[in-house]
Amino acid sequence: MSPPTTASAIVSSSSSSSYFTLFPLTSTSPKSKPTTKLSFNFSKTQTRNLTLKTITIRSAVSIEKEIPETERPNTFLRESDDHDSPSSSSSSSSTVRSRFEKMIRKAQDSVCKAIEGADGGAKFKEDVWSRPGGGGGISRVLQDGAVWEKAGVNVSVVYGVMPPEAYRAATASAEVKPGPVPFFAAGISSVLHPKNPFAPTLHFNYRYFETDAPKDAPGAPRQWWFGGGTDLTPAYIFEEDVKHFHSVQKSACDKFDPTFYPRFKKWCDDYFYIKHRGERRGLGGIFFDDLNDYDQEMLLSFATECANSVVPAYIPIIEKRKDTPFTDQHKAWQQLRRGRYVEFNLVYDRGTTFGLKTGGRIESILVSLPLTARWEYDHKPENGTEEWKLLDACINPKEWI
């Protein structure tokens with residue numbers, strides 16, 4: 001195996017302008033220069049930049065480079081994992097892999113159809129890629145539509161070997177033996193940023209992860225888990241919208257375990273906490289990770305129910321708010337809250353960390369970022385205003401239902 005390479009990514013954002021989220025991965029060439037500066041321009045109209053973070057990327061060269069495809073394949077699984085293949089094994093592991101891939105691809109289609117329907121004209125741009133040894137993904141992005149500033153819905157199926165530090169990023173686990181960790185990962189990840197300040201941003205992600213190393217081998221022992229969640233990030237609070245959203249999350253959870261919603265709602269509030277700001281990114285939802293203490297079939301069904309709940313939880317809110325009149329002041333506040341979104345994703349998000357440490361496909365990793373965001377020095381909303389109410393709810397999370 002070629003030695004790891006190191007790169008520095010300097011991420012800059014204009015002044016106005018993804019818990020482990022699964023994204024497509026790629027390898028880093030051992031012939032690459034030791035350092036590379038990557039600048040991302042969030043806005044074409046503003047020039048004042050703010051350096052958010054310098055991220056050191058360590059990437060083991062252990063995953064094949066992706067190959068662009070002109071058509072979507074029936075499956076990205078290796079033949080041995082495709083349960084529908086005549087030559088495949090019928091192990092429970094391969095069955096879960098196959099069924100989970102089918103679920104996330106169906107969810108991608110249904111969400112994209114709903115997003116295009118709400119917009120009324122704009123269409124998703126699609127990139128399909130694969131790898132010779134198995135795996136691949138479909139990235140779909142809609143930008144500058146009538147309703148959507150930016151909407152990304154990605155699915156990926158990944159086989160590879162990750163360095164121990166990437167395993168720790170993916171699992172929040174410190175108990176990792178030295179040595180590479182073979183893994184399989186599949187997931188759907190989406191962030192939807194509307195233009196209207198009164199229409200909330202939505203994020204959802206559902207994933208299935210396995211490590212393949214035997215117990216006596218270097219690296220992590222063989223195990224599996226599910227993770228995911230759906231959360232809402234408005235700039236302005238409409239209580240009926242937030243209650244509707246949380247009610248749909250609770251209904252999905254209650255079909256499987258009445259303890260799920262309160263447990264995963266708190267987990268969501270705790271996870272999306274911006275430590276350096278002392279506030280949460282938004283108004284929460286549900287979040288869970290490393291979940292393997294229930295029956296595997298039950299958790300597969302639970303993840304499917306949650307993914308299928310995205311459209312009914314979110315699209316009615318968009319239809320209600322997408323044409324609400326707004327002012328420049330409303331838009332400026334939305335962009336300030338978008339700045340918080342950027343800060344969380346680049347500084348704290350486990351998915352971004354995992355993707356970068358394994359040599360991630362940068363366009364897919366950063367698809368969660370909005371086109372525009374804003375930072376103002378020492379901005380504080382006036383007490384009692386609608387902006388203050390949103391900030392207070394992010395600092396002091398409440399029970400919505």
TODO: Only one of these is within 13 Å of the chain's Cα centre (by Cα), small (Gly, Ala, Ser) and within 28 Å of Ser110 (Cβ to Cβ): Ser309, Ser301, Ser368. Name it.
DONE: Ser368
- [ ] Out of Trp333, Trp400, Trp375, report the one residue that is in a loop (DSSP other than H, G, I, E, B), open to solvent by less than 20 Å² (accessible area, probe 1.4 Å) and not small (Gly, Ala, Ser).
- [x] Trp400
TODO: Might you let me know whether the stretch 198-208 holds any residue that is under 25 Å from Ala332 (Cβ atoms), open to solvent by 10 Å² or more (accessible area, probe 1.4 Å) and part of a loop (DSSP other than H, G, I, E, B)?
DONE: yes
Open item on the list: Here are the criteria: (1) over 23 Å from Asp144 (Cβ atoms); (2) surrounded by 22 or more Cβ atoms within 10 Å (Cβ to Cβ). Tell me which single one Tyr348 does not satisfy.
Closed with: (2)
- [ ] Tell me, yes or no, whether the stretch 321-335 has at least one residue that is closer than 30 Å to Phe209 by Cα and of a type outside the set (Val, Ile, Thr).
- [x] no
Open item on the list: Go through (1) over 14 Å from Ala307 (Cβ atoms); (2) not in a loop (DSSP other than H, G, I, E, B) for Ala146 and report which single condition fails.
Closed with: (2)
Task: the stretch 343-387: number of residues that are at pLDDT 95 or above and closer than 18 Å to Tyr273 by Cα - done: 2
- [ ] Inspect all residues belonging to the stretch 262-274 and state whether any of them is closer than 24 Å to Asp241 by Cα, surrounded by 16 or more Cβ atoms within 10 Å (Cβ to Cβ) and β-branched (Val, Ile, Thr).
- [x] yes
TODO: Tell me which residues, restricted to the stretch 278-309, are under 21 Å from Leu202 (Cα atoms) and open to solvent by 60 Å² or more (accessible area, probe 1.4 Å).
DONE: Asn308
Open item on the list: Within the stretch 378-393, take every residue that is hydrophobic (A, V, I, L, M, F, W, C) and out of contact with any Leu (no Cβ under 7 Å at 6 or more places or on another chain) and give me the one that is surrounded by the fewest Cβ atoms within 10 Å (Cβ to Cβ).
Closed with: Trp388
- [ ] May I ask you to verify whether Leu366 is outside any loop (DSSP other than H, G, I, E, B), of a type in the set (A, V, I, L, M), open to solvent by 20 Å² or more (accessible area, probe 1.4 Å) and farther than 30 Å from Asp254 by Cα?
- [x] yes
- [ ] Could you please find all residues in the stretch 91-141 being over 17 Å from the mean Cα position of the chain (by Cα), part of a strand (DSSP E or B) and either under 21 Å from Phe302 (Cβ atoms) or of a type in the set (Val, Ile, Thr) (or both)?
- [x] Val128
Task: Test: residue in the stretch 196-203 that is modelled with pLDDT of 95 or more and among the hydroxyl-bearing types (Ser, Thr, Tyr) - done: yes
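The values are calculated or read from the model by the stated rules, or taken from the named source; none is laboratory data. Model, not experiment: these values are computed from the prediction. Glycine also receives a Cβ, built like all others from the backbone with ideal geometry; neighbour counts cover every protein chain displayed. The protein model used for the area step is the full one, side chains on, heavy atoms only, and it has no ligands, DNA or RNA in it. Shrake-Rupley method; radii C 1.70, N 1.55, O 1.52, S 1.80 Å.
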